[in-house]
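The values are calculated or read from the model by the stated rules, or taken from the named source; none is laboratory data. Keep in mind that what you see is a predicted model, and the values were worked out from it rather than measured. Neighbour counts run over all protein chains shown; Cβ positions are idealised from the backbone, glycine included.
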Amino acid sequence: MLDMSHKHSHEEEQAAGSVGQENVQNSQEETTNLQEEQPNAAEEPAVADNLSDELADLQKKYDELNDTHLRLRAEFDNYRKRTMREKSDLIKSGGESALVHLLPVVDDFERALQNIQKAEDVAAIAEGVNLIYNKFVSYLSSQGVKAMEVVGKPFDADIYEAIATIPAPEEKLKGKVLDCVQTGYTLNDKVIRHAKVVVGE
């Protein structure tokens, strides 16, 4: 009987010891958890500070890019307005040089008209008009304007405008230009006026 009570007492001691150990372990685990939580709690403000710094950096970069964009847009708008103004001025005064070089021809015509009133020699008048004409044609040539040579050439609808067709005097002249009613002109090899021609058939 004594042994049984002793045995029970021993078992109770072991159970109490076991419970004590569990309590100690639980206490240690809680302490460890608290220690782990404290650094985590300390890390949260640091993370918030980092995010705040990154946000400030991003805001600064955004402001810089936005400012650059607005400046470039303003510069482009100024460039566009300046270009439009220059183009408008060019359209208005682009032909100034051409017109200035035509004025001597006008002077020649004025002198010729004055002399026609007094002149009795028709040949001299014709010679003077011919000189003015050659001077004018020479100026046009210097500007890249050239008269088309069309008579005897095959008819080309891209270059010539047929205003009439007549029977060809020879077989080899069929489909070719027989006469030019109005001279055509090119400017640097581009047709600026089509020649009006008569075509053989």
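Would you confirm, using the coordinates I've provided, whether VAL105 is more than 28 Å from VAL199 (Cα to Cα), among the β-branched types (Val, Ile, Thr), under 44 Å from the mean Cα position of the chain (by Cα) and not assigned by TED's automatic domain parsing to the domain that holds GLU201? It is true that VAL105 is more than 28 Å from VAL199 (Cα to Cα), among the β-branched types (Val, Ile, Thr), under 44 Å from the mean Cα position of the chain (by Cα) and not assigned by TED's automatic domain parsing to the domain that holds GLU201.
When you scan region 83-102, do you find a residue that is part of a helix (DSSP H, G or I), at pLDDT 85 or above, loosely packed, with under 10 Cβ neighbours inside 10 Å and out of contact with any His (no Cβ under 6 Å at 6 or more places or on another chain), even just one? Yes: region 83-102 contains one or more residues that are part of a helix (DSSP H, G or I), at pLDDT 85 or above, loosely packed, with under 10 Cβ neighbours inside 10 Å and out of contact with any His (no Cβ under 6 Å at 6 or more places or on another chain). Kindly indicate whether LYS190 is under 47 Å from the mean Cα position of the chain (by Cα) and free of Cβ contacts under 8 Å to residues at least 60 places away in the same chain. In short, yes. Inspect region 47-54 for any residue being surrounded by fewer than 10 Cβ atoms within 10 Å (Cβ to Cβ) and either small (Gly, Ala, Ser) or not assigned by TED's automatic domain parsing to the domain that holds LYS135 (or both) and give the result as yes or no. Yes, the conditions are met somewhere in region 47-54.
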